[in-house]
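Have a look at the structure below before the remarks.
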Amino acid sequence: MTRPEDSASRRPDATRPVAVVVLAAGQGTRMRSALPKVLHPVGGAPMLAHVLRTAQALSPERVVVVTPPDAPEVGEAARRLRPDAVDVPQRDRLGTAHAAQQAREALAGFEGDVLVLYGDTPLVRPESLAAMSAARAEGASVVVLGFQAEDPAPYGRLIVEGGELTAIVEAREATSEQRAIRFCNSGVMCVEAARMWTWLDRVSDDNAKGEFYLTDLVAIARADGARAAAVECPEAETLGVNSRIDLAAAEAAFQARMRRAAMEQGATLAAPETVFFAFDTELAADVSIGPNVVFGPGVRVETGVEIRAFCHLEGCTVASGAVVGPFARLRPGARIGAQAHVGNFVEVKNATLGEGAKANHLTYIGDAEIGARANIGAGTITCNYDGFLKHRTTIGAGAFIGSNTALVAPVSVGDGASVGAGSVVVEDVPADALAVARGRQEVRPGAAARLRERLAAEKAEKAARKG
Ligand code: UD1
Ligand code: CA
């Protein structure tokens, strides 16, 4: 039973403000890239965005990103997610404690918890951060996120004695006994803000690397009579990216996580290992996805939708019961209505397909509005671009567009109208009208036979002249 004074004494902890500091000053030399390392994407979003999205779960009051010098694009990327994020360049890269120090000014006056994350470690889950917050609430001034390492070689070892975290020892400083420890430092740390800066001032660079180690905070805090604690998470969350090979491993781990989540939430994946999601893909229950489907960012799929094999979707919505593919491409701004069909080799961009509309084969629909139940024949093209500007095509409810029609925008076809196959439509078609815009057919009886005879005779004559 909880006594009233217990809950009262705990309440301030539960609402203690959080500030996030993302260490992202690494040059990422091994990426061999002009792009700052933390902006390389996983699941269609920069690694930095993953870290910030995860941190958002704690509703931080302030966000500071420590960046490489001369990389304003890192701060800009952070502000796309957190408009108030502050970026501070770290001029000399003197170690993780030195990096954390750079946030001091931006966090002036802040009281609460400072959560330190790495920008190149995108897979940490919000649940792990919540567990760290809980450990802070229980009184530890420094909380470290640890994991059991398959191969502990490169990591700082967490020294736990009698259930208390007493120190973090970097691999280079570890004794052979300490090196046998597999419980390692992920780098994620949560520290009581009020004391963090004085403790950081006491970190020295008197060690094998000649760097200021953030990990020294544990022993320094304890020397000050404060407590430290370690919280454990699965190793998969702590994967750090230093090379393109690590980036591919992070992508694979992220995709495995998304596939599992999609299936847990009620989607059927016929061949999960061939389906690729973006960080923000939203699937309702009872969505069925065939093999080899790729989701770019910004896709929302409603219930009962079937996405058949080999489709590519990005920035689009697919309403309930629609069928997409096989081999369909939905580009940004595609809005597929309920029960609509988008078939093979159909591309839709910035266009709405009304409820029950069908575009089943070999079609481009760009910058268009297609009414409910309209039928778009095979090979229909909206000619939306004149070389200078984009123009819109509007097709009414129940309209029928014959195969191989070119709709030269801006143009509209009214409700219930029909367009003959092979038409080039340059003028609006009123509702319920039939438009045929192609050369009129001419039939000459016997003409083909006569042509054949004439050509055969010419060929024979030529052969005779040669021989
Ligand atoms: C660090 C930890 C180690 C932990 C490991 C997990 C220290 C001293 N060691 O080691 O205990 O097991 O991470 O991967 O903290 N960074 C800066 N500025 C700097 C230095 C680092 O922004 O001056 C950033 C890096 O970009 C990187 C992160 O901090 O994202 C960690 O730095 P790194 O040099 O990779 O630390 P490790 O030696 O791997
Ligand atoms: Ca590292």
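At full extension, Glu453 and Ala108 could sit 114.5 nm farther apart than now, given 0.36 nm per residue minus the alpha carbon distance. Across every direction, the projection of the convex hull enclosing the Cα atoms of the stretch 127-250 has a mean area of 8.2 nm². Pairwise Cα separations in the stretch 177-252 fall into 10 Å bins from 0 onward with the following percentages, short to long: 14, 37, 35, 13, 1. The average projected area of the stretch 409-467, computed from the convex hull of its Cα atoms over all directions, is 7.0 nm². Among the trypsin sites (Lys or Arg not before Pro) in the stretch 17-89, those located in a DSSP loop and surrounded by at most 12 other Cβ atoms within 10 Å of their own Cβ are Arg32. Computed from the C-beta positions of Ala285 and Gln178, the FRET efficiency with R₀ = 51 Å rounds to 0.55.
Computed as a quarter of the hull surface, the mean projected area of the alpha carbon convex hull for the stretch 54-184 stands at 9.3 nm². For a quick check of understanding: with a 1.4 angstrom probe and all protein chains in place, what accessible area in square angstrom does Phe345 have, to the nearest ten? It works out to around 120 Å². Think of each Lys and Arg Cβ as +1 and each Asp and Glu Cβ as -1; about the Cα centre, that makes the dipole of the stretch 109-198 roughly 100 debye.
Accessible surface computed residue by residue for the stretch 201-288, with neighbouring protein chains in place and a 1.4 Å probe, gives 48 Å² per residue. Over the chain, all Cα pairs binned in 10 Å intervals from 0 give whole-percent P(r) values of 4, 17, 20, 17, 14, 11, 8, 5, 2, 2, 1, 0, listed from short to long. A DSSP coil position with no more than 13 other Cβ atoms inside 10 Å describes the following GluC sites (Glu not before Pro) in the stretch 41-110: Glu105.
Please work out whether the stretch 30-107 counts as rounded, prolate or oblate from its C-alpha gyration tensor, where a ≥ b ≥ c are the square roots of the eigenvalues and a/c under 1.5 means rounded, while otherwise a/b larger than b/c means prolate and anything else oblate? It is oblate, given that a/c is not under 1.5 and a/b is not larger than b/c.
Can you put Glu314, Glu150 in order of accessible area, largest first, using a 1.4 Å probe? Working shown, then result.
Numbers: Glu314 65, Glu150 160 Å².
Descending accessible area places them as Glu150, Glu314.
Quick note on the stretch 300-361: its Rg to Rh ratio, both from C-alpha atoms and Rh being the Kirkwood radius, is 0.90.
Note that the stretch 381-440 carries a Kirkwood radius of 11.3 Å, evaluated over its alpha carbons pair by pair. When only the Cβ of Lys, Arg, Asp and Glu is charged (+1, +1, -1, -1), the dipole of the stretch 172-269 relative to its Cα centre reaches about 280 debye. The simple spin-label model puts a point 7 Å past each Cα toward its Cβ; for Asp386 and Glu127 those points are separated by 5.8 nm. Equivalent ellipsoid of the stretch 339-444: semi-axes from √(5λ) of the C-alpha gyration tensor, largest first, are 20, 16, 14 Å.
Amide H contacts for Val429 (H built 1.01 Å from N in the peptide plane; partners 5 or more residues away or on another chain; cut-off under 5 Å): Ser412, Val413, Gly414.
When each full DSSP H helix of the chain is screened for a Cα extent of at least 20 Å along its own axis and an average Kyte-Doolittle hydropathy of at least -1.0, the helices passing are 244-264, 447-466. The charge dipole of the chain, taken about the Cα centre with unit charges on the Cβ atoms of Lys, Arg (+1) and Asp, Glu (-1), comes to about 2340 debye, rounded to the nearest 20. For the stretch 261-338, what class follows from the C-alpha gyration tensor (a ≥ b ≥ c being the square roots of its eigenvalues): rounded when a/c is under 1.5, otherwise prolate if a/b is larger than b/c, else oblate? It comes out rounded by the Cα gyration axes.
With the charge dipole of the chain set up from +1 on Lys and Arg Cβ and -1 on Asp and Glu Cβ about the Cα centre, the Cα lying farthest toward the positive end among the listed residues Ala108, Pro326, His361 is that of His361.
The values are calculated or read from the model by the stated rules, or taken from the named source; none is laboratory data. Keep in mind that what you see is a predicted model, and the values were worked out from it rather than measured. So basically every Cβ, Gly included, is an ideal-geometry build from the backbone, and we count neighbours across all protein chains shown. Each accessible area value is taken on the protein alone, full model and side chains, heavy atoms only, with ligands, DNA and RNA left out. Shrake-Rupley method; radii C 1.70, N 1.55, O 1.52, S 1.80 Å.
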